[in-house]
Amino acid sequence: MSGLIGKKIGMTSIYDANGKNLPCTVIEAGPCVVTQIRSQEKDGYDAIQLAFEDKKEKHTTKAERGHFAKAGITPKKVVAEFTRFEQDHQKVFGDILKVDIFVEGEYIDVVGISKGKGFQGVVKRHHFSGVGEASHGQHDRLRAPGSVGASSWPSRVMKGLRMGGRMGGDRVKVINLQILKIIPEKNLVLVKGAVPGPNGAYVIIERWK
C-alpha cells in the first residue's frame, strides 16, 4: 500500500547513531480499514479507500452507515482514497492496514491542514517590511502595505494584489520527509522535521516516489 491515514500527536527529538539530535514529528498511523475498492471498469480509475478512527453512530448519517456496513465495520471519522499502489488489487473489504507497511529510513509525503491564524496583515502574511522607518513625520506606517492602486489606468485595484486577509487553514503537502523510527506496537511513526497542522490533526501519509 502506498499510504495511510494518521493523526499528528506532537513533536519530539531523538538521537541518531552519530549522537546528533534530530527533531521529529510523532504520527499515529493507522490502523486503517479498507472501505471501498475503485476499479477502472466501474469507476473510471483505480483506487483504494481507507478509513481511520471510530466515530459514534449517532454522529453518522444514514448514507455513511450503509457505506461502512457494506465493509462490515463500525463508522469511521476520516476517509481517504489512495491511487498509488503495487499489488493492492488483492485487498478486500475490511482488510486492516497498519504502520508496518513502512520501513525505517524511507521517504514519505505528508498532507495536512495548516494551522489557522485568522486575519493577518501584510507583514505576517506576505513578509512585507512596512512602508519605512519611524521618522520624517510618518505615523503608524511601520506595518502598512503602502499604495495599492494606480492613477487614471486602471483606476482600480488589480485582482491578486497581496493584501491583509485570512491566513492558514490551507491544505499543505510536505514532501521527502524521512522516517526515523517506527513503533509498531503503538502504531507510531517518527518523521524527521515538521508536519502541517496542530496536535490532533488528521494527516495523510504517502510513500514518496
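The values are calculated or read from the model by the stated rules, or taken from the named source; none is laboratory data. This structure is a prediction, so every number in the text was calculated from the model and none was measured. All Cβ positions, glycine included, derive from the backbone under ideal geometry; neighbour counts span all protein chains shown. Side chains are part of the model used for accessible areas, which takes the heavy atoms of the whole protein and leaves out ligands, DNA and RNA. Shrake-Rupley method; radii C 1.70, N 1.55, O 1.52, S 1.80 Å.
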Study note, to complete from the structure: Going through region 85-118 in order, the residues found to be modelled with pLDDT under 85 and not aliphatic (A, V, I, L, M) are F85, E86, Q87, D88, H89, Q90, K91, F93, G94, D95, D100
Exercise for review: Within region 32-74, track down each residue that is open to solvent by 40 Å² or more (accessible area, probe 1.4 Å) and β-branched (V, I, T).
Suggested key: I37, T61, T74
Review point. Which strands (runs of 3 or more DSSP E) does region 34-131 wholly contain that include 1 or more residues that are touching a Gly at 6+ places or on another chain (Cβ under 7 Å) and under 30 Å from P145 (Cβ atoms)?
Key: 107-113, 118-120
Practice item. Of the conditions (1) within 29 Å of T25 (Cα to Cα); (2) modelled with pLDDT of 90 or more; (3) among the small types (G, A, S), G121 clears all except one; give me its number. Key: (1)
Exercise for review: Determine if region 172-193 includes at least one residue that is more than 19 Å from the chain's Cα centre (by Cα), farther than 30 Å from Q49 by Cα and open to solvent by less than 70 Å² (accessible area, probe 1.4 Å).
Suggested key: no
**Study point:** Test result for R156, of a type outside the set (F, W, Y), open to solvent by 80 Å² or more (accessible area, probe 1.4 Å) and in contact with a helix residue (DSSP H, G or I) (Cβ under 8 Å, 6 or more places away or on another chain)
**Key:** no
Exercise for review: Starting from region 43-60, take each residue that is of a type in the set (F, W, Y) and list its partners that are outside any strand (DSSP E or B), counting only C-beta distances under 9 angstrom and pairs at least six apart or across chains.
Suggested key: Y45/S39; Y45/T83; F52/G30; F52/P31
Review point. If you go through region 15-28, how many residues are open to solvent by less than 60 Å² (accessible area, probe 1.4 Å) and either more than 23 Å from the chain's Cα centre (by Cα) or modelled with pLDDT under 90 (or both)?
Key: 2
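Residue-by-condition table, conditions (1) without any contact (Cβ under 8 Å) to a residue 40 or more places away in the chain; (2) of a type in the set (S, T, N, Q); (3) in contact with a strand residue (DSSP E or B) (Cβ under 8 Å, 6 or more places away or on another chain):
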residue	(1), (2), (3)
K76	no, no, yes
K115	no, no, no
G130	yes, no, no
W153	yes, no, no
